[in-house]
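Enquirer: Take a look at the following structure, please.
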Amino acid sequence: MFNRAVSRLSRKRPPSDIRDSDGSSSSSPQSVKSTTKWAASLESLLEDPEGVKRFREFLKKEFSEENVLFWLACEDFKKMQDKKQMQEKAQEIYMTFLSNKASSQVNVEGQSRLSEKILEEPHPLMFQKLQDQIFNLMKYDSYSRFLKSDLFLKHKRTEEEEEDPPEAQTAAKRASRIYNT
């Protein structure tokens, strides 16, 4: 049962991994403004490397960057195949984010914490419950603040200005005034 779930998980590819026959991304990154994609959902934000960069920048200012770093580490961990690499990465995740002595400890419920014994037999979904907790924490707390932050709004304004330069607006207004008089 577990192996079936893991194989199903590995078959699902996020939209960012889907490619056209020529190897290019199937969706044009320029067709939709990045801030529009980021505002659609936290999932969309986390699929975009630039979105992750901006979200990390925001979380760093809020002293909660460890949440997204933990989430990203868990995503990398799920993709691993080699048992030895999985053990090393599991140990690294535990020591960095979950142990009582962790340098970047994440805030998860006490009963959800892992014991070090489980690290000896790692499996791709061993951090899933904790990762889900952190995802929900980000989704219902940090993400909504990010969308209202100066960092996000400034990036959004910059995109809008690039898409609709002031000269084009002025020319359109002039044409409108000429023909509507």
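Enquirer: Going down the table (LYS33/LYS61; LYS53/LYS84; LYS83/LYS117; LYS61/LYS148), which pairs top 22 Å between alpha carbons?
Expert: Correct reply: LYS33/LYS61; LYS53/LYS84.
Enquirer: Could I ask something else about it? For a test of the definition: using alpha carbon positions, the gyration tensor, and the 1.5 limit on a/c, classify the stretch 36-159 as rounded, prolate or oblate.
Expert: Prolate is the answer for the stretch 36-159, as a/c is 1.5 or above and a/b outweighs b/c.
Enquirer: Within 11 Å, Cβ to Cβ, of GLN87, how many net charges do the neighbouring residues add up to if Lys/Arg are +1 and Asp/Glu are -1?
Expert: Net charge in that neighbourhood comes out at -2.
Enquirer: Moving on. Using a/c under 1.5 as the rounded threshold, could you call the stretch 28-99 rounded, prolate or oblate? The axes a ≥ b ≥ c are square roots of the C-alpha gyration tensor eigenvalues, and prolate needs a/b larger than b/c, oblate otherwise. Mind dumping the intermediate values first?
Expert: Numbers: a/c = 3.75, a/b = 1.66, b/c = 2.27.
Verdict is oblate for the stretch 28-99.
Enquirer: So, for the stretch 119-163, what is the accessible surface per residue at a probe of 1.4 Å, expressed in square angstrom? Before the final figure, lay out the partial values.
Expert: Working: 2680 Å² over 45 residues.
In whole numbers, the stretch 119-163 has 60 Å² accessible per residue.
Enquirer: Once you charge only the Cβ atoms, +1 for Lys and Arg and -1 for Asp and Glu, what is the size of the charge dipole of the stretch 63-103 about its Cα centre, to the nearest 20 debye?
Expert: The dipole magnitude comes to about 220 debye.
The values are calculated or read from the model by the stated rules, or taken from the named source; none is laboratory data. Remember, it's a predicted structure, so these values are computed and weren't measured experimentally. Every residue, glycine as well, gets a Cβ built from its backbone with ideal geometry; the counts of neighbours run over all protein chains shown. Note: areas computed on protein heavy atoms with side chains; ligands, DNA, RNA excluded. Shrake-Rupley method; radii C 1.70, N 1.55, O 1.52, S 1.80 Å.
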